[in-house]
Amino acid sequence: MNKIFAMSVAAMALAAGTANAGLILETESNNSAATANNIGTFNVPGGSVLVDGTITPGSIGQAGDVDWFRFTVGGTATVVASIFSLNNVNADSELWLIGSDGTTILAYNDDGNVNGGSGNMSSLIQANLAPGNYFLVISGFNDGGASNNLPDGFVGDAAPVPGQTSGHTQNFDYKFIVGFNVIPTPGAAALLGLGGLAMARRRR
Ligand SMILES: [Ca+2]
Ligand SMILES: [Ca+2]
Ligand SMILES: [Ca+2]
């Protein structure tokens, strides 16, 4: 085994070693970008994870539960994320894909997963994500109001006014399936190609 080949094998073993947990149990408190649960780093060719969690209701002046999850993709990625409720036929989720700054909304869905157990669960797909860090966020119906504002656990668009504004009223267990297809970015592909070329030349 020549040195370059040995190094390549070691690099591949290292990449394979960054496997993700197949099942992740949500851990509170995860109600903000800063406290998001990490669901993994996904490199070429991709992977998937199942998250088991719960959304609990708020009340007057008290925010409802919001669940933030953080992930990293090591190449240009497509992500598919779908929420299923198994215990509440009236469950009504909302789902956001948010950029690494924790505030830029890249995608939003309310009722895309019509067969998710209630007819009102969420699903989204986003292609061509650049390598980097992102957030997926789950909350209850009407968090963010008529438009897709950032989730804060309160109903409607306005900033919460204690004693006047109510947290969302959703209360359901969920299964959250997230899948990734990851391809090498053009720069990385070029480097791999150069590496292969160098190896081929050494073998001559
Ligand atoms: Ca939760
Ligand atoms: Ca939470
Ligand atoms: Ca919904």
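The values are calculated or read from the model by the stated rules, or taken from the named source; none is laboratory data. Computed from a predicted model, the values in this text were never measured in an experiment. Quick reminder, even Gly has a Cβ in these numbers, built from the backbone with ideal geometry, and neighbours come from all protein chains shown.
Taking segment 19-31 as the range and being within 16 Å of ILE98 (Cα to Cα) and in contact (Cβ under 8 Å) with a residue 40 or more places away in the chain as the test, only ASN31 passes.
For segment 60-86, the set of residues classified as within 14 Å of ligand 1 (Cβ to nearest atom) and of a type outside the set (Val, Ile, Thr) consists of ALA63, GLY64, ASP65, ASP67, TRP68, PHE69, SER85, listed by residue number. Do we have ASP67 as surrounded by 24 or more Cβ atoms within 10 Å (Cβ to Cβ) and over 17 Å from GLY132 (Cα atoms) here? In short, yes.
State whether one or more residues within segment 95-111 are within 16 Å of ligand 1 (Cβ to nearest atom), modelled with pLDDT of 95 or more, within 16 Å of the chain's Cα centre (by Cα) and not aliphatic (A, V, I, L, M). Yes, segment 95-111 contains at least one residue that is within 16 Å of ligand 1 (Cβ to nearest atom), modelled with pLDDT of 95 or more, within 16 Å of the chain's Cα centre (by Cα) and not aliphatic (A, V, I, L, M). Please find, within segment 40-89, the residue that is farthest from LEU150 (Cα to Cα) out of those that are touching a Ser or Thr at 6+ places or on another chain (Cβ under 6 Å) and within 16 Å of ligand 3 (Cβ to nearest atom). In this case the residue turns out to be VAL89. Just name the residue that is surrounded by the fewest Cβ atoms within 10 Å (Cβ to Cβ) out of those in segment 34-50 that are within 15 Å of ligand 1 (Cβ to nearest atom) and not in a strand (DSSP E or B). Step by step, filter segment 34-50, then rank; the result is THR35.
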